[in-house]
Amino acid sequence: MKKYISILILGLFIIISFVGCTGESKENVIATVEGEEITEQDIKDRIEFLEVAEKLYTGKEDAETNFTQNEVFNLIVREKVQYIEAKNLGYEVKTKEEMMKMLDESKEQREKVDPEIKGNLNDKYGSSEEFKESIVKEYGYDSMENYYEENIDMLITRYLINELSINYMDELKKELDKENMNGDLEYRESFDSWVNYIEHLLKNANIEIKDDEYEIEYHGDKWEHEGLDLENK
């Protein structure tokens, strides 16, 4: 469970901060999620991305991710069910230009990264601009613009998931009327509820696994907030 929470935290950090590499190969499909394919190359690309993300986050040149292939597979499956749910609820980005505009408008949200993560990054890089320069360098792009352009589909995916998660937290807060509660407690309970929501989506998704080396690992508790209005308004 601790490893799973670490995956989710890293996933949220990635969603808010930046996007990663995407594989183009459609060979060796290992699973489908509502018809969308996951390939062996997707797993390899994500592991490579996580290794670089760990290097960027820790500042250690020899940093390596200790996630197994099946853990990364589970991370990707959960990402896909969240993205599909976001689209079904009306979250949509139609064009690259619209996405870039949204990125510019979402700077305030990206500044709301967990204080510990933000402080850690500032200690290592000094500023967000230096951090961006490190991203460009580590992933081998000419500029942040080129970085975004090459990864626009993944960027859209993660942006929509982030929008869904923000709306979820807002709607949950309204339902539970927790405006005056301690912030730390509220964050923990909201995060647990979000985890349970993802597991709910996972259990109800049409997932076909074609490679017996992979399996879904379920976590969390029963989701108890079916009445939330999560449609994009």
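The values are calculated or read from the model by the stated rules, or taken from the named source; none is laboratory data. Just so it is clear, the model here is predicted, and its values are computed rather than measured.
So which residues in region 192-210 are outside any helix (DSSP H, G or I) and of a type in the set (S, T, N, Q)? Spell out how you get there, then give the answer.
Step one: of region 192-210, the residues outside any helix (DSSP H, G or I) are 205-210.
Across region 192-210, the qualifying residue is only Asn206.
Being of a type in the set (D, E, K, R) and either assigned to a loop (DSSP other than H, G, I, E, B) or at pLDDT 85 or above (or both) narrows it down to one of Lys3, Lys94, Lys101, so name that one.
Of the residues listed, the single one that is of a type in the set (D, E, K, R) and either assigned to a loop (DSSP other than H, G, I, E, B) or at pLDDT 85 or above (or both) is Lys94.
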